Structure formats: C-alpha cells, structure tokens
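Data block below; observations after.
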Amino acid sequence: MNKIKMKLNCPMPVLDYDIITLGHGSGGLLTNRLLDKTIFDVFNNEKLETRHDGAILNFKGKVAFSTDSFVISPVFFPGGDIGELAVNGTVNDVAMCGAIPRYISLAFIIEEGLKMEEFWDVLIGVKYAAEKAGVIVVTGDTKVVERGKGDKIFVNTTGIGEMHPDADIKAENIKAGDKIIVSGNIATHGIAILSVRQGLEFETTIESDTTNLNHLIKELLDKYGKKIHLFRDPTRGGVSATLNEIARDIKLGIDIKQALLPIDPQVDAACEILGLDPLYVANEGIFIAFVDNEIADDVVKTMNGIENGENAVIIGEVVDDHNGKVIIESSIGGKRVVNMQIGEQLPRIC
C-alpha cells in the first residue's frame, strides 16, 4: 500500500480521531468531517460533489449493471487490499457482460475501532484501482457498526457501463467446437490469501492477481466482436465452478487438458503442499472466454501482446459428448470428471 500512496501522492490528512467511532456513523458532525476529509477529498469529481442521495447518469443505449459485496479476510493481503479488490471485482463483472465500465458506487460498513490509517489505505486502494480502470465513484454510503459486529471493514460496490456496440455475450451463443481460453495464470489469488492465514509462510511471496480486465476485454471486442461468445471471471469456486455452470447452462460437454492449464510454479507447488486442486482455487484477475474456433489462435496471439493477457492460452473446447459435464485429461492421458466444488475450500476469499 505504501507504493500506491507514493504513486498517487495522497498523504493522509490530519483527522480529529485515530480510530473510527460510532459517532462517525451517526450522520452528524463527525460523519461530515470524516467524509469531507477522506471520501469527498479522495474521489473529488463533479457528480460526487452534488452530495445528493444518488447520481444522475447519461447513457445513449443499453447498459450493464452489477453489484457485489466484499468481506475478505485479511483486509490487506499480498498484492492488494479490500478497496482495490472491490473496484476490480465490480469493474470486471460489468466487463464480462460485454460492457465498458463507467461509474461505480462505493459503500462501507466499518467496525467501530478501525484505525483511521487503515481506512485511508483502503480509500487509496479504491482510488488507485478506479483510476487504473477508468471509472469514477459517483455515489455511496458509510455506516459504522458496534465493535464485534463486523470484521474491520466490508465494502459494497455497484458498477454500471455502456454495452460495447459489437458485443453479443451470452451462453446460448456457445456451440460445439468453440475453444476455451484462460487469460492468465490460475489459482493465484486464493493461494495469496491462504499464505497470510493460519501462520502459513512460503519461501517466496505469492501476490494476488487482482486487477481490472476491462481494457483487455474492450480490445478483444473491438477486434473480434460477436465471434466472442462468452466471458466469465472464475472468482469464488475457481475455474471448476465456472466451467461447470456453463456446461450445465449450454447442455454441452467441456473438455480441458491439465497440461495446458497456466499456473505459476510457486502457486502450483503451494497447491501440491496444501493438497489443493488449482481448478477449485479462487481468482481475481483472469477471465475465461469461449470463442469461435476459427479465431481462437489469433485471439490468444492478440491477448499475449496486451497487459493482463500475456499468459493467455487455449485450455480446451466445447464438445457434443457428455452433456453438462466437464472432463479433464491428465498429463499422463487419463480422464476424469471435474465436479462442482462442495462447500468452501477457502472462506472469506473476496
């Protein structure tokens, strides 16, 4: 977080209190002082400055709309924090619809006793991610709950964006023969979070892959349009959950190959040590794309030359066999069904 502070040049202001108190959520003087010196100062823009209960936005056509809540523990983790994660997660959800994210709302539920410095760090994480994604915060809310009724801070973000004119993103467009592309290394986020829990330590630091994907998505839609049939980000439940949900919806089979799955060697080693299957581990900075067979190789080549797509590869294809199921071929040629995960491998992952 210190690197982000330095990059954005956002020194923490002098505040009346060192910690968040219940009074900061009362709607009175303390609330106004907190908002004035933090949120309104950090996210200063014309729409937010109206200080209304909502924001008035102008759009020319269809829009995509998505909301999400973030309750991750710990709040600060290798490679990111809850503020950065919240913006990236919502921006990516809007982009997966084939839209160009424009605006987000930002709501906090803060536990009494949170240090002001930690709250400031979260805000700077939000600012950093929003500027990188090219979205602005236009409305929001702040609540404070009693000590013990939260876990430092929870964040809710809602995103809205204009549909790309060449996008036609829906599962029903998928057909047998379509190729399945993963935009980057899998399982990185989940292992990064696990590495700072339960006293686990690895010899090298594994950082979360949290990032915005909207710029990469837009470039693909600009070039390939309707030949891209579906985008989906495999967050909770990992690649396995995402592919199983899609296979169920399209009533076709999915074949993938273990040898093709992109994974960082450190993450792969950590999964092996901990007895985890990388397919079931959460991600926050990659997406899965189902594309027409004739453009698949070119899509990968294009992605490899764009930020956040350098490690993109084809991992499998859609088939007419074993409808509704995902089959993986192991490195030695054996095959098995990849089932939907039961329960949570890693709680509080986002």
Could you grab the pairs with beta carbons closer than 7 Å, sequence gap of 6+ or different chains, first residue in region 38-54 and without any contact (Cβ under 8 Å) to a residue 24 or more places away in the chain, second one surrounded by 15 or more Cβ atoms within 10 Å (Cβ to Cβ) and part of a helix (DSSP H, G or I)?
PHE40/LEU48
Counting only residues that are more than 15 Å from LEU252 (Cα to Cα) and either aliphatic (A, V, I, L, M) or surrounded by 17 or more Cβ atoms within 10 Å (Cβ to Cβ) (or both), how many does region 323-340 have?
2
Spot the failing condition for ALA187; the list is (1) surrounded by 22 or more Cβ atoms within 10 Å (Cβ to Cβ); (2) out of contact with any strand residue (DSSP E or B) (no Cβ under 6 Å at 6 or more places or on another chain); (3) at negative phi, and only one is missed.
(3)
ASN283 vs. criteria over 16 Å from LYS218 (Cα atoms), of a type in the set (S, T, N, Q), modelled with pLDDT of 95 or more and surrounded by 23 or more Cβ atoms within 10 Å (Cβ to Cβ)
yes
Being part of a loop (DSSP other than H, G, I, E, B) and either in contact (Cβ under 8 Å) with a residue 24 or more places away in the chain or in the same structural domain as THR67 (by TED's automatic domain parsing) (or both) is the requirement here; does GLY148 meet it?
yes
Can you pull out every residue in region 154-166 that is surrounded by fewer than 23 Cβ atoms within 10 Å (Cβ to Cβ) and of a type outside the set (Ser, Thr, Tyr)?
PHE154, ASN156, ILE160, GLU162, MET163, HIS164, PRO165, ASP166
Out of all the residues in region 61-78, which are among the small types (Gly, Ala, Ser) and over 27 Å from GLU207 (Cβ atoms)?
GLY61, ALA64
Could you please let me know if GLU245 is under 19 Å from the mean Cα position of the chain (by Cα), surrounded by fewer than 18 Cβ atoms within 10 Å (Cβ to Cβ) and assigned to a loop (DSSP other than H, G, I, E, B)?
no
Are there any pairs, at least 6 apart or on different chains, whose C-beta atoms fall under 7 Å, with the first in region 14-35 and under 16 Å from LEU123 (Cβ atoms) and the second aromatic (Phe, Trp, Tyr) and in a helix (DSSP H, G or I), and if so, which?
ILE20/PHE119
Could you tell me whether any residue of region 296-304 is out of contact with any strand residue (DSSP E or B) (no Cβ under 7 Å at 6 or more places or on another chain), assigned by TED's automatic domain parsing to the domain that holds GLY253, closer than 23 Å to ALA133 by Cα and touching a residue at least 60 places away in the same chain (Cβ under 8 Å)?
yes
Number of positions in region 197-229 that are more than 26 Å from LYS132 (Cα to Cα) and either modelled with pLDDT under 95 or buried (at least 16 other Cβ atoms within 10 Å of the Cβ) (or both):
10
Does region 313-328 include one or more residues that are of a type outside the set (Val, Ile, Thr) and over 18 Å from THR242 (Cα atoms)?
yes
State whether the residues of region 169-180 include one that is aliphatic (A, V, I, L, M), part of a strand (DSSP E or B) and in the same structural domain as PRO262 (by TED's automatic domain parsing).
yes
Checked ASP292, ASP320 against criteria (surrounded by fewer than 19 Cβ atoms within 10 Å (Cβ to Cβ) and under 14 Å from PHE231 (Cα atoms)); the one match is ASP292
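The values are calculated or read from the model by the stated rules, or taken from the named source; none is laboratory data. Every value quoted in this text rests on a predicted model; they were computed, and no experiment measured them. Cβ: placed from backbone, ideal geometry, glycine included. Neighbour counts: every protein chain shown.
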